[in-house]
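Visitor: Structure incoming, see below.
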Amino acid sequence: MFRLSAAVAPVAGAVPPPPKTKAVTVAQARAPAVTRRHLLLASATATLPTAAASAAAPSFAEIPGSGGVKALDLREGSGEVPADDDKVAIHYYGRLAAKQGWRFDSTYDHKDETGDPMPFVFTIGAGKVIPGIEAAVKSMRVGGLRRVIIPPSQGYQNTSQEPIPPNFFDRQRLFTTIFNPTRLANGEGSTLGTLIFDIELISIRQHS
């Protein structure tokens, strides 16, 4: 009678079982705590571009001796500067601040027989245009483009000062707003006549 041995001899050609491996526990690194200092630093860094852009943004500056007219040059001209008695030609957009910037007139809407826009022509020092426009143009160079904010004291003082909108309804709306007796009596005169003009100096015909 044969007895089975507890030890079993390996069979030739058989693949041995894989060795047992120990489970390895990988310790996860803990994220660093976010402190108030980190938050403040991140906030300050995020606002740097905005602050730099704000500092670099152009701003209006008051024209010396203009009675409070403020100007912002959108494009510097390279030509001559007008003097008294010179005849100048300009293009402009005129807006009324009291009407949320309503555009009451523009020379680009005034067309000649060929369809080209007609510039507005006036003589420096003749006293026919509102003082704010003259003050703005006198310190410009030909080719320049300037935005000006004209206070009521340097704007329309009567309905005969130029430039006058050619359209009757625009003209009526402009002057009934600026010279509204009820609102003037309520002390709104310091704001009713504030004008915003974009002015482009086209040419100068010098006085001989």
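What follows is calculated from the coordinates using simple rules that are stated; it is not laboratory data. Bear in mind the structure is a predicted one, so any value in this text is a computation, not a measurement. Glycine also receives a Cβ, built like all others from the backbone with ideal geometry; neighbour counts cover every protein chain displayed.
Visitor: Using r as the Cβ-Cβ distance of Ser78 and His110, and R0 as 30 Å, what FRET efficiency do you calculate, to the nearest 0.05?
Guide: Values: r = 26 Å, r/R0 = 0.87.
That gives a FRET efficiency of 0.70.
Visitor: Sorted by average packing, counted as other Cβ atoms within 10 angstrom per residue and highest first, what order do 110-121, 128-139 take? It would help to have the intermediate numbers written out before the result.
Guide: Numbers: 110-121: 11.3, 128-139: 20.7.
Ranked by mean Cβ neighbours within 10 Å, highest first: 128-139, 110-121.
Visitor: Hey, another quick one. Once the piece of chain linking Arg103 and Asn180 is laid out straight, how much longer is it, given 0.36 nm per residue of separation minus the C-alpha distance between them? Don't skip to the answer; put the middle values down first.
Guide: Working: separation 77, 0.36 × 77 = 27.72 nm, distance 1.85 nm.
Here the answer is 25.9 nm.
Visitor: Let me ask something additional. Can you check what the net charge comes to around Pro58, using other residues whose Cβ is under 13 Å from the Cβ of Pro58 (Lys, Arg +1; Asp, Glu -1)?
Guide: Details: positive: Lys70, Arg75, Arg146, Arg147; negative: Asp73, Glu76.
Residues near Pro58 contribute +2 overall.
Visitor: In the neighborhood of Asn167, defined by Cβ-to-Cβ distances under 10 Å, what is the net charge if each Lys or Arg adds +1 and each Asp or Glu adds -1? Can you show the working numbers first?
Guide: Working: positive: Arg171, Arg173; negative: Asp105, Asp109, Asp170.
Spelling it out: positives minus negatives among the neighbours equals -1.
Visitor: Tell me whether region 61-202 comes out rounded, prolate or oblate; compute the Cα gyration tensor, take square roots of the eigenvalues as a ≥ b ≥ c, and use a/c under 1.5 as the rounded threshold.
Guide: oblate
Visitor: Give, as ranges by residue number, the residues of region 163-198 whose backbone N falls under 20 Å from the point 7 Å along Cα→Cβ of His207.
Guide: Counting only backbone N, you get 163.
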